[in-house]
1. Taking the Cα centre of segment A:126-215 as origin, sum charge times position over the Cβ atoms of Lys and Arg (+1) and Asp and Glu (-1), and report the length of that vector in debye to the nearest 20.
2. Hey, for a label at residue A:275 modelled as a point 7 Å past Cα toward Cβ, could you say which residues of segment A:73-98 have their backbone N under 12 Å away?
3. Based on the mean of other Cβ atoms within 10 Å per residue, sort peptides B:125-136, B:160-171 so the most packed one is first.
4. Probe of 1.4 angstrom, ligands and nucleic acids ignored: what's the accessible area per residue over the protein assembly as shown, in square angstrom?
5. What is the Rg over Rh value, at two decimals, for the protein assembly as shown, using alpha-carbon atoms and the Kirkwood definition of Rh?
6. First check a/c for segment A:126-215, with a ≥ b ≥ c the square roots of the eigenvalues of its C-alpha gyration tensor; if it is under 1.5, answer rounded, and if not, answer prolate when a/b is larger than b/c or oblate otherwise.
7. Using the Karplus curve 6.51 cos²θ - 1.76 cosθ + 1.60 with θ = phi - 60°, what ³J(HN,Hα) values do you get for each residue of segment A:134-140, in whole Hz, with x for Gly and Pro?
8. By its C-alpha gyration tensor, with a ≥ b ≥ c as the square roots of the eigenvalues, how is segment B:73-133 shaped: rounded for a/c under 1.5, else prolate for a/b larger than b/c, else oblate?
Amino acid sequence: MASLNQCLASLARLNMSAPARPAISSSTIPKFLLPSAAPLARYASGGGGMRKRPAKKKKVYKTFRSYDMAPMEQFSLCDAMRYIRAVEVGQPPASVKYEVAIKIRTHKSGPVIRNRIRLPFPVKTDTRIGVICPEDSPLMVEAQHLGAVAVGQESLFESIRQGNIPFNKLICHVDSQDALKKANLGKILGPKGLMPSAKTKTLTTDIKATVQELIGADEYRERDGVVRMAVGQLGFTPKMLSDNVKTMMNLLKQDVNNAEETHPKTIDEVVLSSTHGPGFSLDGTFDPRDGKIKAEDLQSAM
Amino acid sequence: MVGVIRRLNVLKSQLVGVRVGPGAAVLPQDVTRIHMEFAHKINGGHMGPRKFWRDVLPRLKYWNPAVPMVVNRSTDQEGPAKMVLYFREPGATLKTDAPQPSSSAEGLAKAPKPAEGERVVTIDMKNRHSDAILQEFMTKSGAVLVVPTAQDEAELLAAKDLEEKGTADRVRIKQLNDAARREKALIAQAHSEAAAIKASM
């Protein structure tokens with residue numbers, strides 16, 4: 001760097017001392033290669049040319065940015081659903097999801113909202129549960145009633161060994177714990193994350209409670225001041241979606257109210273969108289504003 | 001989250017595109033359901049039906065939210081591309097629990113047989129442009145075009161205006177960025193040349 005400056009400076013001096021000063025065509029030579037082409041007057045002498053100003057201190061905000069919501073157009077749930085159903089027409093209804101994003105006015109640091117929720121109409125329907133419990137016990141009947149796809153002890157172990165695994169969640173009753181240990185299934189179940197253990201709360205004394213917790217329970221958490229969660233499938237009726245959103249909002253309001261006083265939180269905005277659709281800011285109402293459309297019109301097969 | 005105004009601009013232009021344009025039409029009361037079948041990709045004459053589904057069907061669905069519109073896409077490019085319109089026979093009342101498949105991307109939603117008191121009209125879509133398909137659809141279904149309101153027209157204009165401004169801005173910013181990049185490259189070259197001179201001395 002220094003060498004370049006020296007080099008350029010000497011170049012500039014040469015240029016100045018030339019008797020017949022050639023006109024410098026500054027259009028052909030970039031300015032930075034020929035400092036002499038720039039005005040030579042230096043006002044702050046002794047300062048060593050351009051002095052660097054200290055970098056402007058960037059303002060640090062303690063909270064996430066929140067916006068004035070006045071210009072935002074807001075929609076009733078049915079209006080938003082009408083648009084979303086139009087945009088998503090022809091998509092397989094089980095794979096397209098309704099999602100909500102809830103903007104929260106909150107500090108950037110401090111605790112975040114995090115909770116589990118059981119929606120009245122679960123979004124994920126592919127939870128298939130296997131239950132390990134003593135054969136021919138009342139537990140087995142109970143598990144079957146709860147909708148377990150595979151129930152049993154030795155028979156279940158044998159089918160797992162043969163690679164027949166029809167479930168994606170596996171729980172084990174405490175009574176079968178020893179049998180499970182003897183069965184040596186860790187090699188098969190471990191890599192799949194299916195091995196029951198107390199740590200994952202899949203080793204249980206109450207099969208009913210565990211199964212119900214596993215089916216349809218969803219976790220949500222606040223990231224960058226926004227809570228996002230899938231709240232429905234495209235095939236849901238407006239009533240179903242409304243119930244899900246209301247349940248979600250009630251729980252979230254509790255979370256917000258329970259936030260620490262040093263880090264207060266408030267809800268700014270609720271946005272409904274879908275897998276391929278745009279986001280609609282909701283105003284909390286249900287009925288469509290267009291009088292010709294009824295909520296029942298929005299539950300036809302997709 | 002993205003700022004309010006930016007989101008609103010995008011949303012408004014997208015929504016006016018759903019309300020206004022080809023396919024914005026109200027179907028007569030006796031159209032009970034619509035079924036489309038075509039392949040995932042465009043080869044084999046499936047471009048028209050695909051475009052129809054992508055561009056036109058959302059507007060039809062917006063204006064006729066109660067009419068089931070089922071799309072069955074399959075991976076068989078040699079397969080058929082056809083649309084089936086189901087009409088209620090005059091005076092007939094249909095059972096509400098008639099089996100109705102939902103859209104499928106794996107070719108599982110075959111067109112159901114017409115229920116009692118229903119008749120079908122078929123449109124062959126293979127090797128045809130989506131505009132031609134729409135034209136035939138309009139005559140065969142008897143759909144009535146929706147006239148855009150003054151507000152829709154204004155929003156459409158505003159969206160177009162915004163897009164033009166955006167294009168102009170993109171050109172301007174690209175020029176600025178290119179100039180900055182060029183200058184940076186020149187400085188880097190000068191530096192490397194100076195270093196070479198110093199090394200040779």
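1. Details: 10 positive and 10 negative charges, 98 e Å.
Using only the charged Cβ atoms, the result is roughly 480 debye.
2. Within reach of a label on residue A:275: A:88-98.
3. Values: B:125-136: 17.2, B:160-171: 10.7.
Peptide ranking by packing, descending: B:125-136, B:160-171.
4. Details: 29570 Å² over 503 residues.
So the protein assembly as shown comes to 59 Å² accessible per residue, rounded to a whole number.
5. On the way: Rg = 33.3 Å, Rh = 29.3 Å.
Rg/Rh: 1.14.
6. Working: a/c = 1.30, a/b = 1.21, b/c = 1.07.
Verdict is rounded for segment A:126-215.
7. For segment A:134-140, the Karplus-derived couplings read x, 5, 6, 9, x, 4, 5 Hz, x marking Gly and Pro.
8. Numbers: a/c = 3.25, a/b = 1.54, b/c = 2.12.
It comes out oblate by the Cα gyration axes.
The values are calculated or read from the model by the stated rules, or taken from the named source; none is laboratory data. This structure is a prediction, so every number in the text was calculated from the model and none was measured. Ideal geometry is used to build each Cβ from the backbone, glycine not excepted, and the neighbour counts take in all protein chains shown. Please note that ligands, DNA and RNA were not included when accessible areas were found on the heavy atoms of the full protein model with its side chains. Shrake-Rupley method; radii C 1.70, N 1.55, O 1.52, S 1.80 Å.
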